[in-house]
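The values are calculated or read from the model by the stated rules, or taken from the named source; none is laboratory data. Nothing here was measured: the structure is a model prediction, and the numbers come from that model. Backbone-built Cβ (ideal geometry, glycine too); neighbour counts: all protein chains shown. Note: areas computed on protein heavy atoms with side chains; ligands, DNA, RNA excluded. Shrake-Rupley method; radii C 1.70, N 1.55, O 1.52, S 1.80 Å.
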Amino acid sequence: MSQVFEFAGENDFCPGGPIYTNPKEPSLFLSLGLPVDVYFPSRKRSRISAPFVFTEERFEQKKQASIEVLPDECLFEIFRRLPGGEERSACACVSKRWLILLSSICRDELCSQNRSAVKNTEVKSKIEDEEIEGDGCLSRSLEGKKATDIRLAAIVVGTANSGGLGKLFIRGSNSSRGVTKVGLRAIARGCPSLKVLSLWNLPSVGDEGLSEIANGCHMLEKLDLSQCPAITDKGLLAIAKNCINLTDLVLESCSNIGNEGLQAVGQYCTNLKSISITNCPGVGDQGIAALVSSASNVLTKLKLQSLNITDVSLAVVGHYGKAVTDLVLTSLPNVSERGFWVMGNGQGLHKLKSLTVTSCLGVTDIGLEAVGKGCPSLKQFCLHKCAFLSDNGLVSFAKAAEKLESLQLEECHRITLLGFFGSLLNCGANLKAISLVNCFGIRDLKLDLPQLSPCNSLRSLSIRNCPGFGDGSLALLGNLCPQLRNVELSGLQGITDAGFLSVLENCEAGLVKVNLSGCINLSDKVVGVMTEQHGWTLEMLNLDGCKRITDASLVAIAENCFLLYDLDVSKCATTDSGIAAMARSQQLCLQVLSVSGCSMISDKSLPALVKLGQTLLGLNLQHCNAISSSTVDILVERLWRCDILL
């Protein structure tokens, strides 16, 4: 052994001589186990990164020290001392643990020397944010599987140095690791500038998460809670107390929110401008009364749907809705005729401009007449599925609503042609649009009306799926409405060329939009006359399902229509010749063309479709079985800027 220690030469352990004067110094030996002794002098330590452990079978290097061994408290102190947002964003990419810690740091918790840097970064990025977002607030949306707490934490860190998060929309949630109070706590602590929050279908979000938002986001203005069953009045109370700037509130299918929460909102949030409450069984008259009465001077939009409210709520709306301009009432089974009568006579809806009533059994002739008299500024009125309304009530309403501009009736089966024409003649000089949809009480009658002054204000006529509407009714409409611009006659199998020609002959203003889909008894004659008389104004034409329309109509369109940009001839009797005729036109500049279901259009139309494609943005070739896949491939390649439906 002594010879080993005194060895000197080219391969000496320490060139130049022995390592130690006393090479057998016992302290220079490190005993690591019974089988082996390792010589380990301090002078040679720089050559070894860490001590090795030798065993009979293997050796193992001792683990190096890591920052991960630090507790969260220490890392928190390190992170809040980082100089800027870029450094924090970089650290957030290291691990989920670091990301969560960084997202939990409030702006007030940053070290004072770093706050000025944060402000400078925000000012610098403000111009860029305004260019991207328009209003200086960043907007983020998470849907389905992407909606997790980790992604919310990433949003917090990512938007902190870019102007701050202003709008957050969460739709659905990850089934295994969805959004919880942890994610909302991160938003609350890191996004104090949040103004718009929408939570949809989040069963794991409850009062604690909403309370975090309330405590951290005092600038919140719009709140949308839909299908959040775990949120109760307690969470809504926290929002009411801490977010007094709330202007828009939407509650939908929140089964545990009731009157107490709405009363708190009414007490603290006096700036509410829009309220929408749908399918919340715990909400009753007390909650609605508190909301509407507290915001009497500012509330402009109100929607009540599928609620257990009574006539009392409508009475409150009629009295306190002094600023309401838009009102929607849907599926209110406990509201009777008296409720609508009291609402109309409450003298509070003088500013109401738009009213929509759907599936309310309380809408009767008496109640509707009172609404017409009590809403002198009403311009738009929509009635859906009101089974007890008759012609008398509709005519009385039309007489009272002198400023009415738009009237829409859907599934009101007690309304007949007498009520329809009566309302048309009594609505005054402001009526611009009238619509009948699925009204089975409409029956074609031979009405001998006296000579009446025409309704020159009407510009739009829409009659859809009213099987009893025929040529007689259409001819009468043509005589009464000479200034029509938009005509929709959809699914009316009872009208023929004779009926629609009367409309064309009496129309003094040029037609702009015409929808005749499903009118199976119309032929090329109608299209020929329409294009000759109105081709200089016609922009949209829908002939979907008109089986008697052939290539002759396409030729007429190609020759006479200069402004037409949207044409639908789906399921018509058109062939390759008709497509070729349109392609030869010098003035036709179609942007949207639909030939879906035209079985006689084949590969021969390829050159014509390519030429039309110079201006096309949309082409529908669905169910065109005579067009091969190779032709489709060529069209997709050549018409690269056109969306093709196959």
Proximal lysine pairs in the stretch 473-631, meaning Cα under 19 Å and 8 or more positions apart or interchain, come to 5
Quick one: pull the percent of accessible area on the stretch 327-379 belonging to carbon and sulfur, 1.4 Å probe, ligands and nucleic acids left out.
54 percent
Using every Cα-Cα pair within the stretch 537-577, state what percent have a distance larger than 11 Å.
64 percent
Hey, with R₀ at 30 Å, roughly what FRET efficiency would residue 177 and residue 139 work out to, going by the Cβ-Cβ distance, to 0.05?
0.80
What's the ranking of 589-596, 184-191 by average number of surrounding C-beta atoms within 10 Å, highest first?
184-191, 589-596
Lysine pair number, Cα distance threshold 22 Å (strictly under), the stretch 377-477, separation 8 or more or different chains:
6
Quick one: Karplus J couplings for the stretch 614-627, per residue in order, coefficients 6.51, -1.76, 1.60, θ = phi - 60°, nearest Hz, x for Gly and Pro?
5, 10, 6, 10, x, 9, 9, 10, 5, 6, 8, 5, 7, 8
Per 0.36 nm of contour for each residue apart, how much would the distance between residue 298 and residue 74 grow if the chain were fully extended, relative to their Cα-Cα spacing?
75.7 nm
Can you give the FRET efficiency for residue 204 and residue 244, using 1/(1 + (r/R0)^6), R0 = 25 Å, r = Cβ-Cβ distance, to the nearest 0.05?
0.35
With each pseudo-label sitting 7 Å past Cα toward Cβ, what's the residue 610-residue 366 distance in nm, one decimal?
7.4 nm
Treat each spin label as a single point 7 Å out from the Cα along the C-beta direction, and report the residue 589 to residue 483 distance in nm.
2.9 nm
Inter-probe distance in nm under a simple model that places probes 7 Å from Cα toward Cβ, at residue 603 and residue 640:
2.5 nm
Computed E for residue 345/residue 632 - FRET, C-beta separation, R0 60 angstrom, nearest 0.05
0.40
Net charge, residue 291 excluded, C-beta distance under 13 Å - Lys, Arg +1, Asp, Glu -1
0
Sorted by chain and number, the residues with a modelled amide H under 5 Å from that of residue 496, at a separation of 5 or more or across chains, are 471
Gyration tensor (Cα) of the stretch 542-616, equivalent ellipsoid semi-axes in angstrom:
17, 14, 11
Burial-style ranking of 248-256, 310-318, average other-beta-carbon count within 10 Å with highest first, yields 310-318, 248-256
So residue 563 and residue 271, fully extended at 0.36 nm per residue minus their Cα-Cα distance, gain in nm 100.4 nm
Gain in span if fully extended, residue 539 to residue 433, counting 0.36 nm per residue against the direct Cα distance:
36.3 nm
Please list the non-local residues whose amide H lies under 5 Å from the amide H of residue 620, H modeled 1.01 Å from N, same-chain partners needing a gap of 5 or more.
593, 594, 595, 645
Can you tell me the relative contact order of the stretch 477-570? Whole percent, Cα pairs under 8 Å, sequence separation 6 or more.
28 percent
